[in-house]
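First up is the structure itself, then whatever we jot down about it.
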Amino acid sequence: MAETTSNRMWGGRFAAGPDAIMEAINASIGFDKRLADQDIRGSRAHAAMLAATGIVKASDAEAMREGLLTVLSEIEAGTFQFSTALEDIHMNVEARLKEIVGPAAGRLHTARSRNDQVATDFRLWVRDQLDAAEAGLEALMRALLTQAEAGADWVMPGFTHLQTAQPVTWGHHMMAYVEMFGRDLGRVRDARARMNECPLGAAALAGTSFPIDREMTARELGFDRPCANSLDAVSDRDFALEFLSAASISAMHLSRLAEELVIWSSAQFRFVALSDRFSTGSSIMPQKKNPDAAELIRAKIGRIFGAHVALMTVMKGLPLAYSKDMQEDKEQVFDAADTWMLALAAMEGMVRDMAANVPALEAAASSGFSTATDLADWLVRALDLPFRDAHHVTGSLVALAERKGCDLPDLTLEDMRSVHEDITGAVFDVLGVHNSVASRTSFGGTAPVRVREQIRAWSERLG
């Protein structure tokens, strides 16, 4: 049966159909059936254009358009019978269309090729995923903004090398991720604008002699314009690579946040409590509450990175125009898109649900000599010391506090004057963590007033 179908599909060029191995390696219907909606949208637009330009009769075009809706309803209902012998979604749809509307279905492929058909379908699918990514990123950013607004005044330790560096506010830390995901949002929007050109009408590689209207099909499918070069239109997969590039960078940001949530939710830190919805228990340790969602995000992003490298490898040596290698473009993108959307949704849920442990944050912010830089800055301002001298004095005071087993604010004025005799009691005004964060009023700083400005700015941008 498969041989007969394949011979009929390919006409008289081949005397025998492909054997089972060739059919298995050649068929893509197992994964490209995900393009069914886009394939039918493209075919309906193509049929309407063929009628508008007089290439096919209006009655045939209308029959094809209605028949395609029937095919789509069968696919959505799960009753459509996919055939590997028909190789891909395009031929599966066309074969079923012929069963529904008869010989008129044979006119659908006039003035197009599977090359421009698949390029159009894939662009439409990636464009849909970019729209979904935009919505996912915006939802996550709003969750972070909610956390930032709640904790604009909460103090916590800021780290470098995962060592306590300076106090910051919870809101400031949340807003750092808003900036990261904001750049991801910009990349998604840029990629969508750049890829929004329609390949349909490029045919196999050289265009067509039929009097088609490419502007019409581009408009019908929501593209800004047709692709300007038929060779490039069928051989370009930059849009998929750019999608994977944006996804990879965003996934890296998700993984960094996931790592912090794993650390922060540990018994050693106790900075946050994650909700039961995104945690699991242990099979033998009843006290455990594991941040599994965060850990799985951290692991799954490797699939997105791998997809990007895989498609770059597929494309790197291909001459123009189409090569069968390009059939390997979709599975990688499909899996990466699924992983990215799932990770965005899971992270948005975790961020919305998580509860900050404000006392633990403040206690940690006050430890580890976190206000040492404030002390050095005070020495510069109050005593007119060169910063390098102030740095040295502060380091000596930190060493003294370590020997005494206390933090900087716990040193007495006498202790401080033993290191530098001109230090006054005013120094203690800068050693509290709340005073420290309030003083960081430079643009982009951690002061609550600056944090709230950025929250308002981003809230307005997101609408």
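The values are calculated or read from the model by the stated rules, or taken from the named source; none is laboratory data. Not measured: the values here are computed from a predicted model. We place every Cβ from the backbone using ideal geometry, glycine too, and count neighbours over all the protein chains shown. Heavy atoms of the whole protein, side chains included, go into the accessibility calculation; ligands, DNA and RNA do not. Shrake-Rupley method; radii C 1.70, N 1.55, O 1.52, S 1.80 Å.
At-a-glance table
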{"item": "Failed criterion for I40 (all others in (1) without any contact (Cβ under 8 Å) to a residue 40 or more places away in the chain; (2) in contact with a helix residue (DSSP H, G or I) (Cβ under 8 Å, 6 or more places away or on another chain); (3) among the β-branched types (V, I, T) hold)", "result": "(1)"}
{"item": "For K330: the one exception among (1) basic (K, R); (2) surrounded by 19 or more Cβ atoms within 10 Å (Cβ to Cβ); (3) within 29 Å of V272 (Cα to Cα)", "result": "(3)"}
{"item": "Qualifying residue in segment 211-218 (condition: within 30 Å of R452 (Cβ to Cβ) and either of a type in the set (D, E, K, R) or assigned to a helix (DSSP H, G or I) (or both))", "result": "no"}
{"item": "Every residue from segment 428-463 that is polar (S, T, N, Q), under 29 Å from the mean Cα position of the chain (by Cα) and not in a loop (DSSP other than H, G, I, E, B)", "result": "Q454, S459"}
{"item": "Single match in A132, A139, A95 (criterion: open to solvent by 20 Å² or more (accessible area, probe 1.4 Å), of a type in the set (A, V, I, L, M, F, W, C), within 27 Å of D232 (Cα to Cα) and not in a loop (DSSP other than H, G, I, E, B))", "result": "A132"}
{"item": "Test for E259: is it farther than 19 Å from A202 by Cα, surrounded by fewer than 22 Cβ atoms within 10 Å (Cβ to Cβ) and of a type outside the set (V, I, T)", "result": "yes"}
{"item": "Residue list for segment 24-69, restricted to those being closer than 14 Å to L108 by Cα, out of contact with any Ser or Thr (no Cβ under 7 Å at 6 or more places or on another chain) and of a type in the set (V, I, T)", "result": "I40, T53"}
{"item": "Residues that are open to solvent by less than 80 Å² (accessible area, probe 1.4 Å) and in contact with a Leu (Cβ under 9 Å, 6 or more places away or on another chain), drawn from segment 206-231", "result": "I212, R214, T217, A218, L221, G222, F223, P226, C227, S230, L231"}
{"item": "Residue match in segment 354-372 (condition: part of a helix (DSSP H, G or I) and over 30 Å from L411 (Cα atoms))", "result": "no"}
{"item": "Candidate set from segment 335-347 (those that are open to solvent by 10 Å² or more (accessible area, probe 1.4 Å) and over 11 Å from the mean Cα position of the chain (by Cα)); member that is farthest from D121 (Cα to Cα)", "result": "A346"}
{"item": "Residue match in segment 237-247 (condition: more than 30 Å from F181 (Cα to Cα), assigned to a loop (DSSP other than H, G, I, E, B) and either in contact (Cβ under 8 Å) with a residue 60 or more places away in the chain or assigned by the TED database to the domain that holds V333 (or both))", "result": "no"}
{"item": "One residue from T371, T441, T446 being of a type outside the set (D, E, K, R) and either in the same structural domain as F269 (by the TED database) or open to solvent by 60 Å² or more (accessible area, probe 1.4 Å) (or both)", "result": "T441"}
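Listed here are the residues, each with its yes/no results for (1) of a type in the set (K, R); (2) touching a residue at least 24 places away in the same chain (Cβ under 8 Å); (3) in contact with a Gly (Cβ under 7 Å, 6 or more places away or on another chain).
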residue: A356; (1), (2), (3): no, yes, yes
residue: L375; (1), (2), (3): no, yes, no
residue: L383; (1), (2), (3): no, yes, no
residue: H392; (1), (2), (3): no, no, no
